[in-house]
Amino acid sequence: MSARQLLRLLLLVQLAGATLVGYAIARVLHAGFVVGLLGGAIALVLVRVAISANNFRLSARASSITPQEHRIGARAALALFAEEFAASMHFSSWTMPRATPRMTIHANAAPPVLLLHGYGCNSGYWAHLTPMLDAARISHATLDLAPVTASIDAFVPQVGEGVRALLAATGADKIVIVAHSMGGLVARAWMRDHGIDRVGHVITLGTPHHGTGLANLGVGANAAQMRRGSAWLCALAASEAPATRALLTSIYTHHDNIVAPQTSSELDGARNLAFGGVGHVALGANPRILDAVMACLEP
């Protein structure tokens, strides 16, 4: 099953649940259709809020120490939660259920960009970055890595096809990869198997380079590979030469609610850019993060 199919199914389940709750509210309160509908919608939002809050709670158990310069107060913490919740709702309920992989070619000498999404996501995750790439006239392509629960190694041939297609369409000899979360591990696995001759730069966003405690709750071979200290992660790290690490920029947040400890995104030999006050999903929508990505793409 693809992420698109799974998200559409989840939307139907949520709609059915909200409808049943709304009907029950209308019956108990002897209220009209509008009141019941509003009650069901509120119940659905509260469930989604509880899920987001639980992610932050679980990540706090394995959290790394936040440096002083990235610590935030109560108001900023509330803004962090609100942004993460809004991003999660927007991506999972709107952009990703409707997304299809695309390639956009511009007449520009800049290296083309291949966008790799994370666990349980698809090409719709890049809805905020692709308009910025278009504005800069940077050629780019998105992929839908499938199936959702496959091993990370199973995604490598899909990346290879995407790289070949993008280089052929643009005539470029090197690409840049921008990857969110698990996508960064997919990119590293692709370089492990195919070398770095065609790579100009790899930019990862919130990638659990050393694993995350929350992967223990995930489903699938890829989730198992992303567990802390997994044999797969250790083998991947052992396979990399300094020249490979030098091509990597890891952008991450000390308030990541999925990657914990958050310093798991730091990678020796790579350029590590730390932020604060941003959640995991919101990395693909936060203006500061997107500006940092675009800055990395400048010649």
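Region 175-286 gives an Rg/Rh value of 0.94, both radii derived from C-alpha positions and Rh following Kirkwood.
Using only DSSP helix segments of four residues or longer, with each worth -39500 (n - 2.57), what per-residue ellipticity at 222 nm results for the chain after dividing by its residue count and rounding to 500? Please report the intermediate quantities before stating the final value.
Numbers: 10 runs with 140 residues, N = 299.
Computed mean residue ellipticity for the chain: -15000 deg cm²/dmol.
Projecting the Cα atoms of 258, 89, 294 onto the charge dipole of the chain (Cβ charges, centred on the Cα centre) puts 89 farthest toward the positive pole. Between residue 86 and residue 62, the FRET efficiency estimated from the beta carbon spacing at R0 = 22 angstrom works out to 0.35.
Just so you know, the Cα atoms of region 146-210 work out to an Rg and Dmax of 11.6, 35 Å. Taken about its Cα centre, region 103-297 carries a charge dipole of roughly 120 debye when the Cβ of each Lys and Arg holds +1 and the Cβ of each Asp and Glu holds -1. The relative contact order of the chain, computed from alpha carbon pairs under 8 Å that lie at least 6 residues apart in sequence, is 19 percent.
Restricting to Cα atoms and excluding each atom paired with itself, what does the Kirkwood estimate give for region 103-297 in Å? Numbers along the way, then the final one.
Values: mean 1/r = 0.0611 Å⁻¹.
Across region 103-297, the inverse of the average 1/r is 16.4 Å.
With neighbour counts taken as other beta-carbon atoms within 10 Å, the residues 266, 69, 161, 240 rank, fewest first, as 69, 161, 266, 240.
Residues whose amide H lies under 5 Å from that of residue 209, counting only those 5 or more places away or on a different chain, are 265; hydrogens are built 1.01 Å from N in the peptide plane. Relative to the longest principal Cα axis of the chain, at what angle does helix 3-29 sit, 0 to 90 degrees, rounded to 10? For helix 3-29, the angle is close to 20 degrees.
Using only the Cα atoms of region 130-238, build the gyration tensor, take square roots of its eigenvalues as a ≥ b ≥ c, and label the shape rounded, prolate or oblate: rounded if a/c is under 1.5, else prolate if a/b is larger than b/c, else oblate. Because a/c hits 1.5 or more and a/b exceeds b/c, region 130-238 counts as prolate. Here r is the Cβ-Cβ distance between residue 54 and residue 93 and R0 is 22 Å; the resulting FRET efficiency, rounded to 0.05, is 0.75.
Jot down the per residue volume, in cubic angstrom and as a whole number, of the convex hull over the alpha-carbon atoms of region 1-125.
Expressed per residue, the convex hull around the Cα atoms of region 1-125 is 194 Å³.
With the convex hull drawn over the C-alpha atoms of region 243-299, the volume per residue is 76 Å³. Using alpha carbons only, how many angstrom separate the centre of region 126-201 from the centre of region 33-83? The two parts, judged by their Cα centres, are 31 Å apart.
Rounded to the nearest 10 degrees, the angle from helix 182-194 to the longest Cα principal axis of the chain is 30 degrees. Judged by the mean number of other Cβ atoms found within 10 Å, the most tightly packed of the peptides 179-185, 130-136, 258-264 leads the ranking 179-185, 258-264, 130-136.
Read-outs throughout are calculated quantities, based only on the coordinates presented, and are distinct from any laboratory measurement. The shown structure was predicted, so the numbers you read here are calculated from the model rather than taken from an experiment. Every residue, glycine as well, gets a Cβ built from its backbone with ideal geometry; the counts of neighbours run over all protein chains shown.
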